[in-house]
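> The structure's right below; bear with me while I get my questions together.
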Amino acid sequence: MSAAVKEREVPVEQNEKRYVRPREIAAYALTSYGINNLTSFIGSTKQYFMMSFMGLTGKQYGLLGTISTVWDALDDPISGVVIDRFRTRWGRLRPFLVLSMPFWAITSILFYVVPNNFTSMQTFVYALVATILYGIGFSYLSGWELLLYNMTPNTGERGTLIATQKFVNLFTWLPSLVPVFVDFVPGVTKNAITQPEVYRGFSVFFVLIAAGAAVYGFFVMKERVTIASKDEIKQTSLWRSVKSIIKCRPLWALLVSSFFGGIKGVGGASEDFFWLNCTGRLSNRLLCSLFTGIPNYVITPVAPSIIRKFGLRTTAISAGIFSGVAYTLLYFIGYKPTGNYWLDFVIVTVGLTVCGLPNHIMGVCDPLLKGDMYDYLEWQNGIRNEGIVNAVSSYVNKLSSSVHALLSGVVFDWIKFTPQKDIFGNIVPHTNPKVLKGIWGIFCLAPAVARYGYGLALFLFNVHGKTKERMLIELTEHRNARTEAKKQALAELENTEKTDG
């Protein structure tokens, strides 16, 4: 029997009941879309803005990322316990959509406010405080991400939710308009509108979209997976939960894969530097993205079918290795293989398209793998501890991110990069061939290492095949028993009240 056949996961009959309404699927996707627009904007412009306009050096930005990430990680255990034990009439997780949004939104705008008359150290402290506050707000906003695993126990519906979310997020092209405004808006070119003002205006715009989507999602989505009562939580000590998490092999497989996956962000942080300095125009990033994203509109909707055919783990591993090989080949091809400007641009665009083909397959696989891990822990431990698990995961991931953040700044010092400006203070392309080659290396090789590591780490993930089938059957039985027990307790309470009456 082939590995693909062994890996294939047969749907479990007890888990085929449908729960989620179409309106909720739409709300989940739109909420993700709004939040993703803001995080994509910040992720793609924060380092460029702070180094270009606030004047942070590569070492300062790397140090900022390291300190803020370690600080943020200290808050995660607290937020995890709060999320797990949070109980309201609106559910356990939905309230975090609206409670944390104002705090997070304000700090998102502060990233793009350049302090006047600040010294270099004062500017660094300002940027550091804003980043720390943003991380604290995000720790609680992240509670909404766990909603996916509580809207339905049906793994098939989870796949539909994730595929719909990823497909809608393909239209998250609004952040890519920023370079166009910077390059071509008449007000900018005539210095009537400064480049920092363009970034700040976009930050406000994306905050409004994210906040509106979050409020809509709060009122539409529901939580359905039965969770432990307060009495059950009291009977299960925090230390027991932590021990089960520490011994969870699927969790550590995902953490290792996430560590390597985060290295891709080092290359991602270099994108604006690459397009401006190596191709001459920042807006070439948008032109390239118009083509590289096209295949994903086909791949994303069929990702659940691919996963069902080849198995979740096999699909994720194969996607990671394929992408690693593609990025490696692109690096050796180079960004100027022919010397013809437009032909080279086409070659790079085609290469990046091939490199990115597995991205949205992995984007569907990742939350499904995480869902299997949460189910595995419930199977082993008896209760759902997504908050604590998420806190542990975030703690390790943020410590890893501190390494990634440090690297994303330090690599530019390694290649001896300094921004070049014109007399108006606007950024202009670099001309040093060694520096340009260094930027290209960061742009390609960091993602290559990330994808190789991601794929290889998932060989450790042991929730697949017959183990997964058995887990789903037993979980369904356990949840049904818990629901029946609650119904009986409620019925007994009503009978007692009638008797007393």
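> Give the accessible area for GLU145 in Å² (nearest 10); use a 1.4 Å probe, count only protein heavy atoms, and leave out ligands, DNA and RNA.
My reading of the accessible area for GLU145 is about 80 Å².
> Let me ask something else about it. Over 28 Å between C-alpha atoms is what I'm after, so list which of LYS222/LYS247; LYS264/LYS468; LYS17/LYS247; LYS264/LYS466; LYS370/LYS437; LYS264/LYS370 land there.
The pairs that break the limit, which is 28 Å between Cα atoms, are LYS222/LYS247; LYS264/LYS468; LYS17/LYS247; LYS264/LYS466; LYS370/LYS437.
> Based on the mean of other beta carbon atoms within 10 Å per residue, what is the order of 460-466, 38-44, most packed first? Walk me through the numbers before you get to the answer.
On the way: 460-466: 16.9, 38-44: 19.9.
Order by mean packing, descending: 38-44, 460-466.
> If I ignore ligands, DNA and RNA and count only protein heavy atoms, how much of LYS222 is accessible to a 1.4 Å probe, in Å² to the nearest 10?
That residue has around 80 Å² of solvent-accessible surface.
> Continuing with this model, one more query. So, for segment 235-344, what is the accessible surface per residue at a probe of 1.4 Å, expressed in square angstrom?
47 Å²
> Show me, for segment 56-68, the HN-Hα J-couplings you get by feeding each phi into the Karplus relation (A = 6.51, B = -1.76, C = 1.60, θ = phi - 60°), rounded to Hz, glycine and proline as x.
5, 7, x, 5, 5, 5, x, 5, 4, x, 5, 5, 5
> Given the whole protein assembly as supplied and a 1.4 Å probe, what does the accessible area of LEU170 come to in Å², nearest 10?
Roll a 1.4 Å probe over it and LEU170 shows about 20 Å².
> Grab the other residues whose beta carbon is less than 11 angstrom from that of GLY438, score K and R as +1, D and E as -1, and report the net.
Values: positive: LYS416, LYS434, LYS437; negative: ASP413.
For residues surrounding GLY438, the net value is +2.
> Something else now. Would you please give the residues with an amide H less than 5 Å from that of VAL428, counting only those at least 5 places away or on a separate chain, with H modeled from the backbone geometry?
GLN420, LYS421, ASP422
> Mind listing P(r) for segment 31-175? All alpha-carbon pairs, 5 Å bins, whole percents.
2, 9, 16, 18, 17, 15, 11, 6, 4, 2, 0, 0
> Below 8 Å, C-alpha to C-alpha, sequence gap of six or more: please give me the relative contact order for segment 63-156 in percent.
45 percent
The values are calculated or read from the model by the stated rules, or taken from the named source; none is laboratory data. In this text the structure is predicted, and so the values were computed from the model without any measurement. Note that each Cβ is placed from the backbone with ideal geometry, even for glycine, and that neighbours are counted across all protein chains shown. All accessible areas refer to the heavy atoms of the entire protein, side chains included, with ligands and DNA or RNA removed. Shrake-Rupley method; radii C 1.70, N 1.55, O 1.52, S 1.80 Å.
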